[in-house]
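A short write-up of the structure that comes next.
The values are calculated or read from the model by the stated rules, or taken from the named source; none is laboratory data. All figures in this text were calculated on a predicted structure; none of them were measured in a lab. So basically every Cβ, Gly included, is an ideal-geometry build from the backbone, and we count neighbours across all protein chains shown.
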Amino acid sequence: MHLVIVTPRGSKVDTNVSMVAVPGEMGELGILPGHRPLITALAIGVLTYSEGGKVKQLATNEGFMEVHDDELVVVTESAEEPDEIDAERAKKSLDAAEAALKTVDQYADPVGWKQLQEKRQRALNRLAVSRFATPEALRVQAQKSA
């Protein structure tokens, strides 16, 4: 199968894969060769794919995916590899979102409350994917923090 992932910043992934798992709006979807045609909305979550026997993860935001003739096209707001994620910054973003959620009434300000919930979910997602960072990337991040 061929996987293409596109963000507003351009093409992120363009490769052949043997499996893809995406965070669908209604739960995780697994895609294998020969999958039926499909168009679906994607949620904030971890996109996983297998390329050349290696499993890779990306932290993705909302978007869409189309599957047709073993071609998968994902259009998403962002897609970050584990080595690109600053875990410390993601933790600060999570703390800020959780603190702000305590001050917002979901019934008085449903839009603001939903935006903060999404900010919290994005931070949690980035932290989850950052666990897969390479040792070298972790050393670089530690040096930046020091």
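Points to keep in mind about this one:
- Restricting Ala96, Ala142 to residues that are at pLDDT 95 or above, small (Gly, Ala, Ser) and either within 30 Å of Lys56 (Cβ to Cβ) or not assigned by TED's automatic domain parsing to the domain that holds Lys54 (or both) narrows the list to Ala96.
- Taking the listed residues Thr134, Thr103, the one that is within 22 Å of Tyr49 (Cβ to Cβ), of a type in the set (Val, Ile, Thr), modelled with pLDDT under 95 and surrounded by fewer than 16 Cβ atoms within 10 Å (Cβ to Cβ) is Thr134, with no other qualifying.
- The one condition in (1) without any contact (Cβ under 8 Å) to a residue 40 or more places away in the chain; (2) surrounded by fewer than 18 Cβ atoms within 10 Å (Cβ to Cβ) that Ala97 fails to fulfil: (2)
- Check on Gly45, within 23 Å of Ala133 (Cβ to Cβ), modelled with pLDDT under 95 and not aliphatic (A, V, I, L, M): no
- Residues located in the stretch 20-78, provided they are among the aromatic types (Phe, Trp, Tyr) and surrounded by 17 or more Cβ atoms within 10 Å (Cβ to Cβ): Tyr49
- Filter result (of a type in the set (Ser, Thr, Tyr) and within 20 Å of Arg122 (Cα to Cα)) within the stretch 1-45: Thr7, Thr40
- Among the residues of the stretch 25-41, those identified as within 18 Å of His2 (Cβ to Cβ) and not basic (Lys, Arg) are Leu29, Gly30, Ile31, Leu32, Pro33, Gly34, His35, Pro37, Leu38, Ile39, Thr40.
- Every residue from the stretch 15-28 that is part of a strand (DSSP E or B), touching a residue at least 12 places away in the same chain (Cβ under 8 Å) and out of contact with any Ser or Thr (no Cβ under 6 Å at 6 or more places or on another chain): Thr15, Asn16, Val20, Val22, Pro23, Glu28
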